[in-house]
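Take a look at the structure set out below.
The values are calculated or read from the model by the stated rules, or taken from the named source; none is laboratory data. Predicted, not measured: the structure shown is a model, and the values here were computed from it. Please note: Cβ atoms are built from the backbone with ideal geometry, for glycine as well, and neighbour counts cover all protein chains shown. Protein only, heavy atoms only, side chains kept; ligands, DNA and RNA dropped before computing areas. Shrake-Rupley method; radii C 1.70, N 1.55, O 1.52, S 1.80 Å.
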Amino acid sequence: MLKRKFVLAIVIFVAFAMVMSSMALIGGVPANNSTSSQANTPSSLVASHYANPTLTGKAAQVMKALTEKGISANYVYLPNFNPTVHKKDGVITPSYTTAPAPMGIGAYGISNNNGAGPATAYNLTTGSVMASLNVSSLQDFYALDDGPNSVTFQLNAVLHNVALFGNSSYAFWTQNVVFYSARTQSLLLLDNLWNFSSPSFNLTQNSLYSYSGIPVSPVYYYAVGPAFHVTYPFSLNLYLNTSVINGRSTVFYNYSLETSGNYFSGSYDRIIFNSTPSSNPSYTAPAPQYLISGNTITPDGFIPYDAEIMLGGPGGGSTANVLNISATMQLKYMNATTSAYTSFPDTFDVGSQTGETSQGVAVSWSPNDVATLTAGPSYLYGMWGLTPASTPMYTYSGSVNPPNSFMFTSPGGPFNATLSAWVPLSNTGQYSFIIPYGSLSSNVMLSNYKPMLTTLTPGNGGQITLSHDFRLGVYTPLYAMDNAQLQYISYYGNGMPGNPYMIYNNAPMKGYINPLFGELNDYAFPAFSGLLLHNVNAYTVVSSEPSFKVNYANNVYSQLITAFFGLPSANNLGIVLYQTSNATVYGNQITGWFSFEQTGFPVANLLLWNSQNDTVMYNQFTTLDSSMLVYNTQTQDGNNLIYGNLFIQSSQLNTGKYAVIAVSPTLNLSTYGPVALSMYSSGNVISGNFFIVYNTAISPNYSIYSGYGVNYTDSWNHNFWWNYVYGSGPYNNNGQITSGYDYFPIVIHGLGSYHLMRIVEDFERN
């Protein structure tokens, strides 16, 4: 076996060298292009596609079902399926213990006499829950979802005592969601309904009598409401209201919006449950109630009865990195005694029910029960009712140089990595946030600079300046949010064509990047990329980069990664070019995995998003899930060159435990399997590449961002495809490449297809 692998490696290396040497190729010939054919796959693979992975986690089962039905993640707001019950002395505590988390306001039915006594549980029921938002500014960026500058605000609560067919023991999770794009300042209302009545979470269509949306049986229900363009500042109220209509349990999703002097309001969805049993047509359901309980878990077995207004990623369990925010929140319930909305008496700054998360949101509060959101560290703590009424708030401000350094802080001192949280910096290195802690310890770091540990006190902390130390290597991610920041992560260069910035590439002294950059949310969305060029058009070279490897062993994410998801205990963070041009990615070893929950998201080890005139050449991609993805709007050609790269499938896939994602789950062929290259862009040249991956390349005829149909056009020529049959005509991977054909595939005589097929079929058999 060892000998066969060694010989195979030599064969691949020699073949790749042949591909690189010349487009004419000594020993290689262009394919016959006399006829058009889609039967490019060897017959041994035609009837044997990779079986869908066996998934044990409820989250993976749900996402698999929804992606196979073609439901966009933007319409799916997942519960927190991590089946861990957090209790202390019989009192339920928040399910999240660290950021990324659903930051905002959460009410759990917990009291401790303003921090003076032990925690005790109580139950609160109401017929209506409301949240108020006032947003003056918001900027966010997270690359690995299809809304990089989008977040959601979610009002979530569990409706108790719902009647179905005469049985009033059911519980349903109701979500009134705002999908907000900070880039376009557009706002979309939508809702979700999930069945929390049992661990199966099954929602059947016959449980609903009347509705405006779409039941996706047996998973959940959603409806899409109105959309608005807003300007800062804008104010929004969200409502979840209950009633009984014609004897049936009912829930309303309502809103009111004020922006630019205009006022809008309404009810965009009403769900009437099928409460009446056929045996008793005169049955009248009892009034359903929202339950907030500090000692009772919902019937699914692990999710609390809480109410929450939170900020998180744009659906599908995703996360959001907030860079700047100025906003306030309130969370209230209808008080039956006063017939008025009243603030929940005891709150945390985090929710528990939802799977979408955020970081970079610092939450403070005022004596009148208003939470204020600023761009700062996301700590999790009790707020009004759970801390002394006189708890002071502290403002921290200052600056960091270089401005694209990374800053983490922990309460008190000395610096504690386990308790620390990331602090977003502006493009000029400024920070300013408000929290209830009177002292902080900070760790400021950047690759090839000495990290600085310092104590922060409230007020203006001045400037923290790092000094170079090239012995440390690339031990943090490398980010440039604009052209001006490139100089701080480059050896030399000025960004001109003849003198491009040469990005740092010396290996980290300890072999891994700092473990603080291994942050994940509960759906294993990584909080950081390895290298990010954002809004850059200066000439830049990214070459021979280290692996950006993070090690999850023996840290807070070890149990989540290895036990819950069954993933390797280490991973490589990816490379992202966002709205970037004139970059060359050259001569890198690129690999990394994604959790199955990222199925359907635009994830890849190398991601080009709305980027133009970039060159990707002579890299080796070792494919686990998705190696490279290119996206541009349909009105914008990419004009990118993808040349001379080797895409080869990782042997780690030859195990039954690894559940491979599907980047484009609506494609008919080979839905779940590794894919080398995904093209959602026109005007690109893909030439001279060597593809030895189960799914060589895909280019669907729809936008991964909007889901709308698009006819992409690219130039595919002179590539080697492991599954091409010589003489079968132009290659388009059985129709999966809709943006063009490779009319002249490379055929290397003497390179046995048997050995290449063994690479991908070893994976397929497992």
Largest-first ordering by accessible area, 1.4 Å probe, given options 618, 290, 724: 618, 724, 290
Cα long-axis angle, helix 2-21 against the chain (0 to 90 degrees, to the nearest 10): 80
Mean Cβ neighbour count within 10 Å, used as a protection proxy, ranking 592-603, 565-576 highest first: 592-603, 565-576
Most positive-pole-ward Cα, 336, 592, 420, against dipole of the chain from beta carbon charges: 592
Nearest-0.05 FRET efficiency for residue 562 and residue 265, computed from C-beta distance (R0 45 Å): 0.40
Per-bin percent of Cα-Cα distances, region 116-204 [10 Å]: 13, 32, 28, 22, 6
Of 502, 639, 734, farthest towards positive along the dipole that unit charges on Lys, Arg, Asp, Glu beta carbons give the chain: 734
Dipole magnitude of region 473-745, debye to nearest 20 (Cβ charges: Lys/Arg +1, Asp/Glu -1, about Cα centre): 380
Exposed trypsin sites (Lys or Arg not before Pro) absent: longest stretch of the chain, with sites in DSSP loops and at most 13 other Cβ within 10 Å deemed exposed: 184-470
Cα-based shape type of region 473-745, given that a ≥ b ≥ c are square roots of the gyration tensor eigenvalues and the cut on a/c is 1.5: oblate
Antiparallel bridge percentage (DSSP; both residues within the chain; nearest 5): 70
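Roll a 1.4 angstrom probe over the protein heavy atoms and tell me the percent of accessible area of the chain that is carbon or sulfur.
Solvent-exposed carbon and sulfur of the chain make up 52 percent of the total.
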Given [x] 179; [y] 167; [z] 149, the label whose value is volume of the Cα convex hull per residue in Å³ derived from this model: [y]
The chain - charge dipole about Cα centre, Lys and Arg +1 at Cβ, Asp and Glu -1, debye rounded to 20: 980
Dipole magnitude of region 217-362 about its Cα centre (Cβ charges: Lys, Arg +1; Asp, Glu -1), debye to nearest 20: 380
Computed over region 90-181: relative contact order in percent, which uses C-alpha pairs under 8 Å that are six or more apart: 18
Lys/Arg +1, Asp/Glu -1 at C-beta; region 473-745 dipole; positive extreme among 562, 695, 721: 562
Residue-averaged [θ]222 nm for the chain, counting only DSSP H segments that reach four residues, each worth -39500 (n - 2.57): -2000 deg cm²/dmol
Contour excess over end-to-end distance, with Cα ends at residue 165 and residue 205 and 0.36 nm allotted per residue: 13.1 nm
Pairwise centroid distance, computed over Cα atoms, of region 301-329 with region 147-202, Å: 12
Full-stretch length increase - residue 296, residue 186 - with 0.36 nm per residue and alpha-carbon distance subtracted: 35.8 nm
Percent RCO, i.e. relative contact order, over the chain, from Cα pairs under 8 Å lying at least 6 residues apart: 14
Local electrostatic count at residue 715 - Lys and Arg +1, Asp and Glu -1, tallied over other residues with Cβ under 15 Å: -3
³J(HN,Hα), Karplus 6.51/-1.76/1.60, whole Hz, each residue of region 673-690, x for Gly, Pro: x, x, 10, 6, 9, 10, 10, 10, 6, 10, x, 9, 10, 10, 8, x, 9, 10
Whole-Hz couplings from phi, Karplus 6.51/-1.76/1.60, listed for region 89-100; x for Gly and Pro: 6, x, 9, 6, 10, x, 6, 9, 10, 7, 7, x
Non-local Lys pairs in the chain, i.e. 8 or more apart or on different chains, that have alpha carbons under 17 Å apart: 5
